[in-house]
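Since the structure comes first, as structure tokens, the remarks are kept for the end.
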Amino acid sequence: MAPVFPLHSNARHPHVAFDKGKCTRALGGKLRTRTLHNERVTFTENLREYCLNTTIHGLKYIGTVSLTLCERAYFFLTFLVVTACSIYFISKVYIKWQSSPIIIGLNPIATHIKNIPFPAVTICNMNQVRREAAERIEEHTLEQTVLQSICSIDGDFNVTQYEGKWSAVKKLLLSATQPCSGMLKACRYAKQPEKCSEIFQSVFTDEGLCCTFNTLDTVYMFRNATAPNIFPTEVSSGSGRFRPILWTPEQGYAEHPSNTTYPRVIAGTGVTMGLAMVLDANVSDYFCSSTSSTGFKIIFHSPTETPKITDYAQYIPVGSENRIIITPKINDAADQIRKVAQSQRQCVFASEANLSYYSVYSRNNCELECEAQLILENCGCVLYYLPKLYEDTKICSRANARCYEQIRSSIAFTANTSLSCTCLPGCFEISYIPDVTTAELQVGKFGIRENLLDDVKDEQYAKKNLALVYVFVKDTYYRSFTKGELVGFTDFLSNVGGLLGLFLGFSIISLIEVIYFVTLRPYCAKRKQHRTNIKDHNAEASKLTAARNDLLWFGSKPHTTTVQFLGRSNDHDYGNEYHLQAGRNAMVKEYATKLKHLVHSRLQQANGWLRNTFRSRRNHLGRGFGQESTGSRSYPFYD
């Protein structure tokens, strides 16, 4: 059998001349040059590719190399001008968004009166102290000092005896002023006659002791139920057959209201469904008054507020019949404006309120707390009708009048900046606008349909002391004033997107392209080039190793040498062995040819070496004998 010798796949021609040092330097320099070239991804190339591929209009002309420099400069300047115009208009939109983000408009959905509470009605007799009680007070006593403070009477003050205790002031107010049972003679609500003592309760105001209807209970109105409040517990009659429930302007009723709960809802429209009452001023018992006339002061306010009678109440003269039409004014706000700053939306939500005395925020409650705090800090006392957090808080007397009057004047003077109460309105508030019509009251001259005056027989007493009042609404639905976003974030984004699209053709995809070409693409290109450089380096190193092997071994050295005998094997198919044998014969021919060239080359090298060696040796021996060449000498052996 003839042996078959497999050839190595990385065989090199052995006769190629090879310089080891030059080869190493050449390959190393070529490798370093290629590595530096592959790693260099310039900013200009990246910018040109972005300009050619971006969706922003005009940039592809700047990056097109085929255009002339003037054409590219023209598009570049145009792009700058258009960009400046878009920035200018976007800044206008941003300023509008920041400066006036709120708009007030009528709510398209009207509010039914069943969801609106009847207004809290507070009534005060203009007489602050009954003459009978005032005449019983002795001079130079504590009661006289308190009386002077209530009636604002100047005179000698017994400061040594006045301790300013709330209990002493409250006791005098309850004993010296007209009680609600004496002022309210008859009451009716929603066609249903009511006991006035069950639907009205006493309250301390800046006019003294007054009577209020449909106000929030003390449990829900104040944060600390044990702190001194404006409702005297001795005469409070809010309990009984009526049960208090919670109502706030923002959340509404905490539970479904009924005929036995308060604050009461508006029962219906018209004078018969409202509140009717007969008031008695008892003019003959007047001792001091805050006005120059006789009668009553009435004010309509939210059930969660403490009213300011002296400054904002309306007059109800004696001997008159009064019809007061109430128009609820509802202010609410969209939930989207919660993220807008208070200074811009100009209102306060309930969750943002930070009152210490009242549980429900309103501008009126905030101003009362602020006024009490300023007077307490500057004068060391508090007026009896203002919020007091502690029982031992000193109540101001007439001796402190100069101090607290100056504080109150500074608060009322809007131009003053040293002492002021900056209280924003609530985002959800309700107020009531009255429309009063008055007629002369006639009793006993002719038959009347009003049964509240059935017990009144004295015409002269009625003209001098009584007043008949009706409070009602005339509409079933009322629209609220809603604060909403004038320019919301979605509108602002739409305006900006429209301007960018109009001027530049810019979109969100364009922004993503910018981010990609600035960050992701350079990073990915660098990693790709790094992998390519490593691959090229490994390939060049393999070539260098193979070249060194050729230099050392004059050709490729087979890894393994195996001898296989030609012939048919019993373990393989005949067809497969035939193709294998043909391949082996080709390998033998190729290897024989290469071996022939290798032997021939080595023989030529050996022949040349021998020729040079013998020539050198012959010349050396001739010089060694020291003979002059007189003739031709022959050396048969060397020849």
Considering the stretch 411-451, residues that are crowded, with 17+ Cβ neighbours inside 10 Å and more than 53 Å from the chain's Cα centre (by Cα), and then whichever is nearest to Leu275 (Cα to Cα), we arrive at Leu441
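Yes or no, residue by residue, for (1) of a type in the set (Asp, Glu); (2) in contact with a Ser or Thr (Cβ under 9 Å, 6 or more places away or on another chain); (3) within 28 Å of Asn115 (Cβ to Cβ):
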{"residue": "Gln342", "(1), (2), (3)": "no, no, yes"}
{"residue": "Gln346", "(1), (2), (3)": "no, no, yes"}
{"residue": "Ser362", "(1), (2), (3)": "no, yes, yes"}
{"residue": "Glu367", "(1), (2), (3)": "yes, no, yes"}
{"residue": "Phe413", "(1), (2), (3)": "no, yes, no"}
Between Tyr461, Tyr477, which is loosely packed, with under 14 Cβ neighbours inside 10 Å and not assigned by the TED database to the domain that holds Thr55? Tyr477
Pair list, Cβ under 8 Å, 6 or more apart: the stretch 189-216 residue part of a strand (DSSP E or B), other residue among the basic types (Lys, Arg) and surrounded by fewer than 20 Cβ atoms within 10 Å (Cβ to Cβ): Phe204/Lys170; Thr205/Lys308
Matching residues in the stretch 328-368 - criterion: being open to solvent by 30 Å² or more (accessible area, probe 1.4 Å), more than 29 Å from Ile103 (Cβ to Cβ) and out of contact with any Asp or Glu (no Cβ under 8 Å at 6 or more places or on another chain): Ser359
Given the conditions (1) under 26 Å from Pro387 (Cβ atoms); (2) of a type outside the set (S, T, N, Q); (3) open to solvent by less than 60 Å² (accessible area, probe 1.4 Å); (4) not in a strand (DSSP E or B), report the number of the one that Lys297 does not fulfil. (4)
Please work out if Val456 is in a loop (DSSP other than H, G, I, E, B) and out of contact with any Leu (no Cβ under 9 Å at 6 or more places or on another chain). no
Answer with yes or no whether Arg398 is in contact with a helix residue (DSSP H, G or I) (Cβ under 7 Å, 6 or more places away or on another chain) and farther than 29 Å from Pro328 by Cβ. yes
In the stretch 459-487, residue farthest from the chain's Cα centre (by Cα) [restricted to those that are closer than 30 Å to Gln98 by Cα and assigned to a strand (DSSP E or B)]: Phe481
From (1) in contact with a Ser or Thr (Cβ under 8 Å, 6 or more places away or on another chain); (2) surrounded by 15 or more Cβ atoms within 10 Å (Cβ to Cβ); (3) modelled with pLDDT under 50, pick out the condition that doesn't hold for Arg34. (1)
Within the stretch 51-58, is even one residue on the phi < 0 side of the Ramachandran plot, in contact with an Asp or Glu (Cβ under 7 Å, 6 or more places away or on another chain), modelled with pLDDT of 50 or more and surrounded by 12 or more Cβ atoms within 10 Å (Cβ to Cβ)? yes
May I ask you to verify whether Ile113 is aliphatic (A, V, I, L, M) and within 19 Å of Thr269 (Cβ to Cβ)? yes
Is there a residue in the stretch 348-360 that is among the β-branched types (Val, Ile, Thr) and under 39 Å from the mean Cα position of the chain (by Cα)? yes
Test: residue in the stretch 303-316 that is part of a strand (DSSP E or B), basic (Lys, Arg), touching a strand residue (DSSP E or B) at 6+ places or on another chain (Cβ under 9 Å) and open to solvent by 20 Å² or more (accessible area, probe 1.4 Å): no
May I ask you to verify whether Ile102 is modelled with pLDDT of 80 or more and under 30 Å from Ala334 (Cβ atoms)? yes
I need every pair where a residue in the stretch 323-351 that is over 30 Å from Met277 (Cα atoms) has its Cβ under 6 Å from the Cβ of a residue that is at pLDDT below 90 and of a type in the set (Gly, Ala, Ser), sequence separation at least 6 or different chains. Ala334/Gly484
Checking Tyr94 against (1) surrounded by 13 or more Cβ atoms within 10 Å (Cβ to Cβ); (2) outside any helix (DSSP H, G or I), which test does it fail? (2)
Counting only residues that are out of contact with any Lys or Arg (no Cβ under 9 Å at 6 or more places or on another chain) and either among the polar types (S, T, N, Q) or in contact (Cβ under 8 Å) with a residue 12 or more places away in the chain (or both), how many does the stretch 93-134 have? 23
For residues that are closer than 15 Å to Ile56 by Cα and either open to solvent by 80 Å² or more (accessible area, probe 1.4 Å) or in a loop (DSSP other than H, G, I, E, B) (or both), tally how many sit in the stretch 488-510. 7
So which residues in the stretch 259-307 are among the hydrophobic types (A, V, I, L, M, F, W, C) and closer than 13 Å to Tyr432 by Cβ, if there are any at all? Ile266, Leu275, Ile298, Ile299, Phe300
Within the stretch 369-398, the residues that are surrounded by 16 or more Cβ atoms within 10 Å (Cβ to Cβ), touching a residue at least 24 places away in the same chain (Cβ under 8 Å) and assigned to a loop (DSSP other than H, G, I, E, B) are Cys381, Leu383, Tyr384, Tyr385, Pro387, Lys388, Leu389, Thr393, Lys394, Cys396, Ser397
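To keep it simple, each residue is scored yes or no on (1) polar (S, T, N, Q); (2) in contact with an Asp or Glu (Cβ under 9 Å, 6 or more places away or on another chain); (3) assigned by the TED database to the domain that holds Leu173.
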site	(1), (2), (3)
Tyr390	no, no, no
Ile407	no, yes, no
Ala412	no, yes, no
Glu450	no, yes, yes
Lys457	no, no, yes
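The values are calculated or read from the model by the stated rules, or taken from the named source; none is laboratory data. Everything numeric in this text was worked out from a predicted model, so none of it was measured. Using ideal geometry, Cβ is built from the backbone for each residue, glycine included, and neighbour counts are taken over all protein chains shown. The accessibility values were calculated without ligands, DNA or RNA, using every heavy atom of the protein model including side chains. Shrake-Rupley method; radii C 1.70, N 1.55, O 1.52, S 1.80 Å.
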